[in-house]
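Below: one structure, written as structure tokens.
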Amino acid sequence: MGKRITIDPITRIEGHLRIEVEVEGGKVVNAWSSGTLFRGIEVILQGRDPRDAHHFVQRSCGVCTYVHALASVRAVDDAVGIKVPANARLIRNLLNGAQYQHDHIVHFYHLHALDWVDIVSALKADPAKTAALSDNTSNAPWGGRQYFKNVQVRLQTFVDSGQLGPFANAYWGHSAYQLPPEANLMAAAHYIEALRMQARAARMHAIFGGKNPHPQSLVVGGVTSVADLTPDRIAEFLYITKETQDFVKNVYIPDLLAVASFYKEWGGIGGCTNFLTYGEFPASDQEPESFYIPRGIIRQRDLGKIEMVDQQKVTEDVTRSWYVKSEPKHPFEGETRPIEENPKYDPDKGQYSWAKAPRYDGLPCEVGPLARVLVAYAKGHTEIKPLVDSTLKQLDIPASALFSTLGRTAARGLEAVAIGEAMQGWVTELVENLKNGDTRTYQPYEMPESASGVGLNDVPRGALGHWIRIEDGKIGNYQYVVPSTWNLGPRDGAGNLSPVEEALIGTPVADPQKPLEVLRTVHSFDPCLACAIHVIDPHSNEVYKIRVV
């Protein structure tokens, strides 16, 4: 048996995740992923008004807020049997697009970049050479020797204080870091600039959603942001969309390509076998046919055969999770019944996670940006395929390199470009509707005594589904299956590994005391365990968030 390494908790993510790997001969030969807190929001929802569900579920998280509200109202829209007006569809698309732009920038710079960028090494850089490098690789509107010298002084202040602040929790000086000091300094400068940009991107939610986090303008039947459909408000949204898109195209993508060029071997590390996306961004009432991001499933990496997803084939397996054992169930019949005894972490033979194990037709599937880009690429998407082909050519790597940690990270940036461009078209369509006198944003309905509905969407982290069953006009059962349970759940009853457990096998580990390489692949999935697991006080229904120090 090889050496066991445990990383608990994984930092620079939302929520609580434990990763254990077995290393033998310098590589990971086995892996286990564990969510270490219980989620009970489905229990809280039982017996409540279906129209209130979206207010509860978006409190699952402080990051993925709007997307849970969207999946929830879509589930109730489906249950009551309505289609929302075109303006409501467009505003919902715009708010979801804003979530993508915000999340992808945050992930690349603030959650993932430090796995590849050595901040301390940046102190050795020559600011003049960094300025020259920036001029050659980036179209950033800032730069020059003095600018990078000032950034270096700020970094030195962090290091001299002995408190690295946001740059803590990394293995500085690790032999697996490969960027030269000048590239590290340029990336560190853009890390700081991205903090300002993520705040700007979040403001888009406030324009049509009222606030961020937890936008308030979604309702079953449409949206309520009628008073915001003025020339000034729409122009402000469009301005920030373009401002964010300029950052994505002129800073994010050049940085992505520059960093990737030093880590091409990661195009052969960290890949999975099966991929699933529900698709997103409807262009009409015809769903999923009109989706901008197409729906599909890829089995065994076969890009020549894209199947349509049938949500009836989704199940959750709790064999290796800390729930009362039962057969795999579809979410309409799903249960949230935690075991009563204290959970024992037993990854070898027993249960070891509060996350369930979602499966499609019995298969574990990776969800998220790589799944979406692969399906779009295979279908010849007119905007995404050229972006992928251009990136492969610039990096001089084959298409097979997409099935990897490098491919997963690159896919996130490429779809940020595509969705940012599409958002500008949706704003134009909204303006044209209003000019033509179509101001409808809401479709009236009557709440049935009994019904069931499903709301599917694809969010920055992956495929998200909410299922609701209405009984006596109230919520009889509610289940949601989130991206991080797809990607980071445990094994199932058949012994199938989850995507992250599969992806980690074969990962090189230079220093078992500093498993930087393991973090690279785990972080590439952008874990968000907050909506996969939660702890709840059974007496007060209060949800606690716990920080491990």
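The values are calculated or read from the model by the stated rules, or taken from the named source; none is laboratory data. Computed from a predicted model, the values in this text were never measured in an experiment. Positions of Cβ are backbone-derived with ideal geometry, glycine not excepted, and every protein chain shown enters the neighbour counts. Ligands, DNA and RNA are excluded from the accessible area calculation, which covers all protein heavy atoms including side chains. Shrake-Rupley method; radii C 1.70, N 1.55, O 1.52, S 1.80 Å.
Residues that are in contact (Cβ under 8 Å) with a residue 12 or more places away in the chain and in a helix (DSSP H, G or I) within segment 375-398 comprise VAL375, ALA376, TYR377, ALA378, ILE384, LEU387, VAL388, THR391, GLN394, LEU395, listed in sequence order. Put simply, of LEU303, LEU238 the only residue that is over 30 Å from ARG359 (Cβ atoms), at pLDDT 95 or above, touching a helix residue (DSSP H, G or I) at 6+ places or on another chain (Cβ under 6 Å) and open to solvent by 30 Å² or more (accessible area, probe 1.4 Å) is LEU238. Which members of segment 401-442 meet the condition of being open to solvent by 40 Å² or more (accessible area, probe 1.4 Å) and charged (D, E, K, R)? Residues satisfying the conditions are GLU421, GLU429, GLU432, LYS435, ASP438, ARG440.
Just give me the residues in segment 230-278 being within 23 Å of the chain's Cα centre (by Cα) and farther than 30 Å from LEU303 by Cβ, in sequence order. Of everything in segment 230-278, those that are within 23 Å of the chain's Cα centre (by Cα) and farther than 30 Å from LEU303 by Cβ turn out to be PHE237, ILE240, THR241, LYS242, GLU243, THR244, ASP246, PHE247, ASN250, VAL251. Within segment 283-311, residues that are under 21 Å from ILE82 (Cα atoms) and touching a residue at least 60 places away in the same chain (Cβ under 8 Å) have Cβ atoms under 6 Å from residues that are of a type in the set (Lys, Arg) and open to solvent by 50 Å² or more (accessible area, probe 1.4 Å) in these pairs: ASP285/LYS83, counting only partners at least 6 apart in sequence or on another chain. Is there a residue in segment 312-334 that is touching a helix residue (DSSP H, G or I) at 6+ places or on another chain (Cβ under 6 Å), under 25 Å from CYS528 (Cα atoms) and either in a loop (DSSP other than H, G, I, E, B) or open to solvent by less than 50 Å² (accessible area, probe 1.4 Å) (or both)? Within segment 312-334, not a single residue is touching a helix residue (DSSP H, G or I) at 6+ places or on another chain (Cβ under 6 Å), under 25 Å from CYS528 (Cα atoms) and either in a loop (DSSP other than H, G, I, E, B) or open to solvent by less than 50 Å² (accessible area, probe 1.4 Å) (or both).
Checked against (1) surrounded by fewer than 20 Cβ atoms within 10 Å (Cβ to Cβ); (2) at pLDDT below 90, ASN136 meets all criteria but (2). The lone criterion from (1) without any contact (Cβ under 8 Å) to a residue 60 or more places away in the chain; (2) not in a loop (DSSP other than H, G, I, E, B) left unmet by LEU257 is number (1). The residues of segment 141-170 that are in a loop (DSSP other than H, G, I, E, B) and either in contact with a helix residue (DSSP H, G or I) (Cβ under 9 Å, 6 or more places away or on another chain) or modelled with pLDDT of 95 or more (or both), listed by number, are PRO141, TRP142, GLY143, GLY144, LEU164, ASN169, ALA170.
Checked against (1) open to solvent by 20 Å² or more (accessible area, probe 1.4 Å); (2) assigned to a helix (DSSP H, G or I); (3) touching a strand residue (DSSP E or B) at 6+ places or on another chain (Cβ under 6 Å), ARG59 passes all but a single condition, namely (3).
Answer yes if at least one residue in segment 442-462 is touching a residue at least 12 places away in the same chain (Cβ under 8 Å), part of a strand (DSSP E or B), of a type outside the set (Lys, Arg) and within 30 Å of GLY350 (Cα to Cα), and no otherwise. Yes, the conditions are met somewhere in segment 442-462. Checked against the criteria, ARG89 counts as touching a residue at least 24 places away in the same chain (Cβ under 8 Å) and surrounded by 23 or more Cβ atoms within 10 Å (Cβ to Cβ).
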